[in-house]
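J.: Questions regarding the structure given below will be posed in turn.
The values are calculated or read from the model by the stated rules, or taken from the named source; none is laboratory data. None of these values were measured; they are calculated from a predicted model. Cβ sites come from the backbone with ideal geometry, for glycine too, and all protein chains shown count toward neighbours.
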Amino acid sequence: MAFASWRGTVGVVKPTYRPGSLEEFMRLLPDGIACIPLFLGFREGTTDEFRGALDAIEQKVGELAEIGVDLIHPEGAPPFMVHGFQREREILDQWERAHGRPVITSGTTQVDAMRALGMRRIVGVTYFTGAINDVFSQYFADAGFEVLAMAGMDVPFDQVGRLSSREVYAHAKRVFRQHAPADGIYMLGSGWRAMDILAMLEQDLEVPVLHPVPARLWAVQQHFQVRERIPGYGRLLAELPPPAR
């Protein structure tokens, strides 16, 4: 079975059935790039759930490879970051050899996008609390970034999408001010419904802001050698900087 579009087809594995990020991603994909989504159905958002998900994710990766997509993207930073930066790359190498398709994760797209934007000292904001934020910090530290903070908002995992973008803006701005100087803000998690405040936050704080959906769109365009700038969602999509070499 093979499904293809004239510029390329990406298969994504969504961790949850939460609406928002898939619609945003597909709405902003350049014409000619198709998307085939599969779902895992995470419910708890706990470290144990994330750690135990690899077999289920690989099954979906295999399904997308069988369908014949050109690029496979299992989404969700936590399910891979809990295994660490180096282990994630080992897992991806194994899957690419086994399934004969390139595989990227949220973490790999975000690391590459941060480097392209020249971000080195980062302030992170998440919708998780507790020790898992230390796991996220360590992931980016191992990737070569100086992590000044990884500050969570206390919100139930299944209620993240109900946060207003203004609340997210205020949280990110507060954390940035507490830990300046930083040269970029990182927003972990596709559950944020905050695409509308990215350009505003960049304008007000004069640093790039990285959200998972623009990082995903940027990485897919890079893979398919497409260069369609998308204004209004921050520098990454407005400028399409090339990957750092």
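J.: Of the residues L22, L71, which single one is touching a helix residue (DSSP H, G or I) at 6+ places or on another chain (Cβ under 7 Å) and of a type in the set (A, V, I, L, M, F, W, C)?
T.: L71
J.: Looking at region 121-139 only, could you name the residues that are surrounded by 22 or more Cβ atoms within 10 Å (Cβ to Cβ) and either of a type in the set (K, R) or over 22 Å from Y169 (Cβ atoms) (or both)?
T.: Passing the criteria: only Y139.
J.: Residues in region 105-115: is at least one assigned to a helix (DSSP H, G or I), loosely packed, with under 14 Cβ neighbours inside 10 Å and without any contact (Cβ under 8 Å) to a residue 60 or more places away in the chain?
T.: no
J.: In this structure, is F25 part of a loop (DSSP other than H, G, I, E, B) and surrounded by 20 or more Cβ atoms within 10 Å (Cβ to Cβ)?
T.: When the stated conditions are applied, F25 does not pass them.
J.: Return the pair list, or none, for Cβ contacts closer than 7 Å from residues in region 129-144 that are aromatic (F, W, Y) to residues that are surrounded by fewer than 19 Cβ atoms within 10 Å (Cβ to Cβ) and assigned to a helix (DSSP H, G or I), at least 6 apart or on different chains.
T.: That search, which allows pairs on different chains as well, returns Y139/F85.
J.: Still on this structure, I have one more. What number of residues within region 28-52 are in contact with a helix residue (DSSP H, G or I) (Cβ under 7 Å, 6 or more places away or on another chain) and not in a loop (DSSP other than H, G, I, E, B)?
T.: Count: 8.
J.: Another question about this same structure. Looking at region 65-82, I want the residues that are of a type in the set (F, W, Y) and modelled with pLDDT of 95 or more and have a partner that is buried (at least 24 other Cβ atoms within 10 Å of the Cβ) and part of a helix (DSSP H, G or I) with Cβ atoms under 6 Å, at least 6 apart or on another chain. Which pairs are those?
T.: F80/G107
J.: Determine which single condition A151 fails, assuming it passes every other condition in (1) closer than 30 Å to G11 by Cβ; (2) buried (at least 17 other Cβ atoms within 10 Å of the Cβ); (3) over 15 Å from the mean Cα position of the chain (by Cα).
T.: (1)
J.: I would also like to ask the following. I'd like the full set of residues that are under 15 Å from A141 (Cα atoms), over 15 Å from the mean Cα position of the chain (by Cα) and assigned to a loop (DSSP other than H, G, I, E, B), limited to region 66-104.
T.: Selection gives H83, G84.
J.: Kindly list, by first and then second residue, each pair from a residue in region 156-173 that is under 16 Å from G124 (Cβ atoms) to a residue that is in a helix (DSSP H, G or I), limited to pairs with Cβ atoms under 8 Å and residues at least 6 apart or on different chains.
T.: V168/I197; Y169/I197; Y169/M200; Y169/L201; A172/L201; K173/L201; K173/D204; K173/L205
J.: Identify all residues within region 191-225 that are under 15 Å from L236 (Cβ atoms), among the small types (G, A, S), in contact with a Phe, Trp or Tyr (Cβ under 9 Å, 6 or more places away or on another chain) and buried (at least 23 other Cβ atoms within 10 Å of the Cβ); write none if there are none.
T.: Residue satisfying the conditions is A194 alone.
J.: Taking region 116-134, which residues are assigned to a helix (DSSP H, G or I) and either touching a strand residue (DSSP E or B) at 6+ places or on another chain (Cβ under 9 Å) or of a type in the set (S, T, N, Q) (or both)? Can you show your working first?
T.: Taking region 116-134 first, the residues assigned to a helix (DSSP H, G or I) are 116, 132-134.
Matches in region 116-134: I132, N133, D134.
J.: Give region 167-183 a look and list any residue that's in a helix (DSSP H, G or I) and surrounded by fewer than 21 Cβ atoms within 10 Å (Cβ to Cβ), or say none. It would help to see each step written out before you state the result.
T.: Residues of region 167-183 that are in a helix (DSSP H, G or I), as a first pass: 167-179.
E167, Y169, A170, H171, K173, R174, R177, Q178, H179 - these are the residues of region 167-183 that are in a helix (DSSP H, G or I) and surrounded by fewer than 21 Cβ atoms within 10 Å (Cβ to Cβ).
J.: Quick check on my filter: what residues within region 45-55 are buried (at least 16 other Cβ atoms within 10 Å of the Cβ) and of a type in the set (G, A, S)?
T.: Across region 45-55, the qualifying residues are G45, A53.
J.: Let me ask you something else. Please specify each residue of region 28-44 satisfying the condition of being at pLDDT 95 or above and either closer than 21 Å to P156 by Cβ or surrounded by 14 or more Cβ atoms within 10 Å (Cβ to Cβ) (or both).
T.: Once the filter is applied, which keeps residues that are at pLDDT 95 or above and either closer than 21 Å to P156 by Cβ or surrounded by 14 or more Cβ atoms within 10 Å (Cβ to Cβ) (or both), region 28-44 yields L28, L29, P30, I33, A34, C35, I36, P37, L38, F39.
J.: Still on this structure, please answer the following. Determine the pairs where a residue that is free of Cβ contacts under 8 Å to residues at least 40 places away in the same chain, located within region 83-95, has a partner that is charged (D, E, K, R) with Cβ atoms under 8 Å apart, the partner being 6 or more residues away or on another chain.
T.: Between residues of region 83-95 that are free of Cβ contacts under 8 Å to residues at least 40 places away in the same chain and residues that are charged (D, E, K, R), the close pairs are H83/R51; W95/E58.
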